[in-house]
Amino acid sequence: LIVSVGSSAELEENYIGRCTIDATGKLISPGLVDPHTHLIHGGTRESEWGALAAGRPIPGGIPHGIVATQMATQATSTKELSAGVTKRLNVMLAHGTTTVEAKSGYGVAPADEIRLLRVLANVEHDVEVIRTYLGAHVSPGPSGHMQFVDDVIKQLEAAREFAEYCDVCCDPSGFTVQECERIAAKARTLGFDIRVHADQTGSFAGAELAIRIGAASADHLEYISDEAIELFAESNTVAILLPTVSYHSFSLVRQPTNANWLPAPHPWLGQRFRELLDRGALAAIATDYNPGSSPALSMQTAMETAARMYRLSYAEIWHMSTINGAYSLGRADRIGSLEVGKQADIVVWDVPNHELVINQFGTNLVETVFKKGKIVHPGANL
Ligand SMILES: [Zn+2]
């Protein structure tokens with residue numbers, strides 16, 4: 001735990017360190033918090049993205065989109081899934097992330113999500129992983145919704161053993177407000193807190209739903225409505241922005257083939273999110289790591305991208321990548337800032353100030369990472 005915070009002179013007057021780490025000229029920050037990831041999956045989707053980015057249609061017969069990941073995940077052994085999670089957590093940690101939210105969500109059927117949650121629960125790693133059951137992720141097609149939502153609800157009890165949160169996708173690509181509300185209401189009775197994928201591919205009143213039911217977060221918000229911008233100001237629901245999704249899909253904008261894949265980011269997205277923050281929303285940033293729309297594991301990349309695509313300030317981005325993410329995960333009393341009594345999740349950066357972490361981009365600026373006071377990622381100079 002953090003015992004004291006102050007200048008070196010003050011600390012040295014009152015304490016004798018068992019071990020001293022010389023961070024002269026370096027930035028010290030809280031460990032980064034990534035509150036939205038799809039950490040567990042099989043397969044990758046680079047061919048599909050390559051075709052779309054180059055303006056070529058996806059070759060016929062090749063499964064693409066989330067369905068491709070669902071099929072690949074089903075075909076991947078538990079051991080391989082677990083190894084994949086560990087490998088990704090290693091990269092995240094090396095880039096300064098010390099706490100991460102991880103969703104299931106690539107089961108072919110809701111019952112398959114339990115295997116994914118169990119694998120996540122069994123992974124031992126220095127990065128703290130907070131688990132979310134995402135049964136209602138992808139629409140099963142217009143005729144299958146009623147049965148599918150029933151099946152999602154049926155798995156809630158089994159999922160509760162492994163997951164703290166239940167996520168619902170309230171979006172044209174997912175489920176309606178009524179369907180999401182049914183799932184969330186039942187999840188609440190079992191003690192889940194709620195997260196919502198909201199309004200990614202079209203205005204669907206997903207953010208309004210999240211705020212109305214007091215969800216911990218409403219994530220994505222590419223097509224946030226004017227009403228929701230107003231509602232966030234009075235709400236404790238955290239607006240989680242996913243800048244690397246905008247970045248990764250930017251090259252697909254206005255290409256005729258993109259209708260099958262990602263939506264064009266709102267042309268005024270930067271302006272919309274500026275408005276959202278100026279009105280007083282509590283907001284955070286996440287990587288939304290997944291093999292399709294955001295194959296990015298580094299919160300540094302998300303921070304750098306947020307500055308460039310969403311026109312946010314250095315200070316806003318740091319809050320959004322640490323304490324606000326921690327708040328959205330119900331852990332703001334324990335992590336997310338360097339305060340006395342909090343867990344010593346600390347990053348030493350090889351730059352002298354917090355602005356340079358965002359201003360310089362494309363390389364890893366982390367030197368050393370501490371989790372609960374223990375060095376878990378050694379720097380070159382230590
Ligand atoms: Zn997501």
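Nothing in this text is a laboratory measurement; each read-out follows from the coordinates by a stated rule. A quick note: this is a predicted structure, and the numbers were derived from the prediction, not measured. Here Cβ is always computed from backbone atoms with ideal geometry, including for glycine, and neighbour counts include all displayed protein chains.
Along its principal axes, what span do the Cα atoms of the stretch 138-236 show, with the longest given first and each in whole Å?
37, 30, 17
Mind listing which chymotrypsin sites (Phe, Trp or Tyr not before Pro) in the stretch 1-110 are in a DSSP loop and have 15 or fewer other Cβ atoms within 10 Å? Present the calculation step by step, with values, prior to reporting the outcome.
On the way: sites: 15, 49, 106; in loops: 15, 106.
For chymotrypsin sites (Phe, Trp or Tyr not before Pro) across the stretch 1-110 that sit outside H, G, I, E and B with at most 15 neighbouring Cβ atoms in 10 Å, the list reads 15.
What whole-number distance in Å separates the alpha-carbon centres of the stretch 196-231 and the stretch 332-382?
If we compute the Cα centre of each part, the gap is 32 Å.
Let's see if you can work this out: charge +1 on each Lys and Arg Cβ, -1 on each Asp and Glu Cβ, no other charges. What is the dipole magnitude of the stretch 1-155 about its Cα centre, in debye to the nearest 20?
Once rounded to the nearest 20, the dipole reads 540 debye.
Can you bin the stretch 37-121 into rounded, prolate or oblate? Criterion: square roots of the alpha carbon gyration tensor eigenvalues sorted a ≥ b ≥ c, rounded for a/c under 1.5, prolate for a/b above b/c, oblate for the rest.
Judged from the Cα gyration tensor, the stretch 37-121 comes out oblate (a/c at least 1.5, b/c at or above a/b).
Please order 64, 197 by the number of other Cβ within 10 Å, starting at the fewest.
Details: 64 18, 197 30.
Placing the least packed residue first, the sequence is 64, 197.
About its Cα centre, what dipole magnitude does the chain give when the only charges are +1 on Lys and Arg Cβ and -1 on Asp and Glu Cβ, stated in debye to the nearest 20? Please list the in-between numbers first.
Details: 30 positive and 43 negative charges, 151 e Å.
For the chain, the charge dipole is close to 720 debye.
Percent of Cα-Cα pairs more than 37 Å apart in the chain, please.
When all Cα pairs of the chain are counted, 18 percent exceed 37 Å.
Fewest first, what order do 293, 8 take by the number of other Cβ atoms within 10 Å? Before the final figure, lay out the partial values.
Numbers: 293 24, 8 11.
The fewest-first ordering by Cβ neighbours comes to 8, 293.
Return the distance in nm (one decimal) between the two label points of a simple spin-label model at residue 275 and residue 5, each offset 7 Å from Cα along Cα→Cβ.
3.5
Could you give me the ³J(HN,Hα) list for the stretch 339-350, computed from phi with Karplus coefficients 6.51, -1.76, 1.60 and θ = phi - 60°, whole Hz, x at Gly and Pro?
9, 4, x, 7, 4, 7, 9, 9, 10, 9, 10, 8
In debye to the nearest 20, how big a dipole does the stretch 301-378 give about its Cα centre with +1 on each Lys and Arg Cβ and -1 on each Asp and Glu Cβ?
280
Is the stretch 275-382 best put as rounded, prolate or oblate by its Cα gyration tensor, with a ≥ b ≥ c the root eigenvalues, rounded for a/c under 1.5, and otherwise prolate when a/b is larger than b/c, oblate when not?
Verdict is oblate for the stretch 275-382.
Out of residues 5 or more away from residue 344 or on other chains, whose amide H comes under 5 Å of its own, with H placed 1.01 Å from N in the peptide plane?
Excluding prolines and chain starts, which carry no amide H, the hits are 2, 372, 373.
Would you please give the residues with an amide H less than 5 Å from that of residue 167, counting only those at least 5 places away or on a separate chain, with H modeled from the backbone geometry?
So residue 167 has HN proximity to 133, 134, 135, 195.
Could you tell me whether the stretch 1-42 comes out rounded, prolate or oblate from its Cα gyration tensor? Rule is a ≥ b ≥ c as square roots of the eigenvalues, rounded for a/c under 1.5, then prolate if a/b exceeds b/c, otherwise oblate.
Working: a/c = 3.18, a/b = 2.88, b/c = 1.10.
Since a/c reaches 1.5 and a/b is larger than b/c, the shape of the stretch 1-42 is classed as prolate.
Using only helices, what value at 222 nm comes out for the chain when you add -39,500 (n - 2.57) per DSSP H run of length 4 or more and divide by the total residues, to the nearest 500 deg cm²/dmol?
-10500 deg cm²/dmol
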